[in-house]
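Below is one structure; the comments refer to it alone.
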Amino acid sequence: MGTVAETRRNGEPLPPPPMFVEEAAPAAPREQLVATYVWDLVVRVTHWTIVLAMIVLSITGIYLGRPFVAAPGPARDTFVMGWMKIVHAYAAIAFSLAVGSRILWMFVGPRRSGWRNFVPTSKRRLRDMWGTFLFYIMIRPKPPASIGHNPMAGATYVAVFGLYLVMIFTGLALYSVSSHSYMQAFRFLLPLFHGVQWTRWIHHVVMWLLIGFSVHHFFSALLMSRVEKNGVLDSIFSGYKFLPKGMKRDDE
């Protein structure tokens with residue numbers, strides 16, 4: 001039996017198999033992405049200061065609430081609880097300064113770090129919030145593109161910063177109880193939280209809420225980085241995301 005080229009039909013060669021005549025269709029041109037500076041230095045520094053302070057505060061705070069290290073000998077020789085309180089206090093100072101600086105930066109910093117990235121005030125942000133919600137409940141395959149925070153995340157961070165402030169004020173109230181210095185001035189906060197025990201309970205519960213949020217935040221960032229493929233996970237280190245060229249501003 002001859003080859004295809006040798007086989008004749010009415011004097012004409014048979015056409016070669018389709019695999020030799022059909023060329024693969026050219027791939028659709030990928031959307032041009034450009035490196036866009038999104039997170040400025042203040043945003044990145046305050047973010048990582050809050051992260052590191054929360055880790056230290058959680059570890060020392062759990063110990064202060066339920067000591068899990070029994071040091072042998074007199075307390076004056078080991079001073080474990082005292083060191084935990086000192087480290088907790090200095091981490092709380094760093095945390096409070098970072099949170100206060102970030103809130104201030106929402107109003108005096110560049111637009112991509114501003115409060116409009118947290119509170120959806122424009123029609124576009126409100127529409128994209130619904131689109132992001134549909135993505136989170138697995139109805140929409142991809143979320144709407146955003147330069148800064150997506151609207152759903154931004155609104156969530158408003159609540160998170162509210163929890164930050166609760167932690168700061170309850171912490172100041174608790175510190176004023178054992179303080180013998182100017183920190184006693186914050187004792188006026190205790191009645192606002194219905195006394196020492198309620199203040200301690202609120203402080204403890206909010207700590208666990210923030211730990212839970214941190215876990216969710218990390219895995220949500222992994223998800224969005226994989227779906228959007230715009231370097232969102234790397235951007236908190238470098239400040240740059242890779243976004244479509246000519247993309248509209250988030251606050252339009």
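Derivation of every value follows stated rules applied to the coordinates shown; laboratory data play no part. Bear in mind the structure is a predicted one, so any value in this text is a computation, not a measurement. Cβ atoms come from the backbone with ideal geometry, glycine included; neighbour counts cover every protein chain shown.
Quick notes on this structure:
- Candidate set from region 126-150 (those that are touching a residue at least 24 places away in the same chain (Cβ under 8 Å) and in contact with a Gly (Cβ under 8 Å, 6 or more places away or on another chain)); member that is surrounded by the most Cβ atoms within 10 Å (Cβ to Cβ): G148
- Residue within region 51-66 that is more than 22 Å from T170 (Cβ to Cβ) and without any contact (Cβ under 8 Å) to a residue 60 or more places away in the chain present: no
- Annotation: of all residues in region 225-246 being closer than 17 Å to T36 by Cα and among the hydrophobic types (A, V, I, L, M, F, W, C), the one that is surrounded by the most Cβ atoms within 10 Å (Cβ to Cβ) is V232.
- Lone unmet requirement of (1) more than 26 Å from G100 (Cβ to Cβ); (2) in a loop (DSSP other than H, G, I, E, B); (3) among the β-branched types (V, I, T) for V227: (2)
- Filtered residues of region 115-152 (kept if small (G, A, S) and in contact with a Phe, Trp or Tyr (Cβ under 9 Å, 6 or more places away or on another chain)): G148
- If you go through region 107-117 and pick out every residue that is surrounded by 16 or more Cβ atoms within 10 Å (Cβ to Cβ), in a helix (DSSP H, G or I) and either at positive phi or over 16 Å from the mean Cα position of the chain (by Cα) (or both), you end up with 1.
- Residue within region 216-223 that is in contact (Cβ under 8 Å) with a residue 24 or more places away in the chain and of a type in the set (F, W, Y) present: no
- Residue within region 182-205 that is over 31 Å from the mean Cα position of the chain (by Cα), surrounded by 14 or more Cβ atoms within 10 Å (Cβ to Cβ) and not in a helix (DSSP H, G or I) present: no
- Checklist (1) out of contact with any Phe, Trp or Tyr (no Cβ under 7 Å at 6 or more places or on another chain); (2) within 26 Å of H47 (Cα to Cα) applied to S181, failing item: (2)
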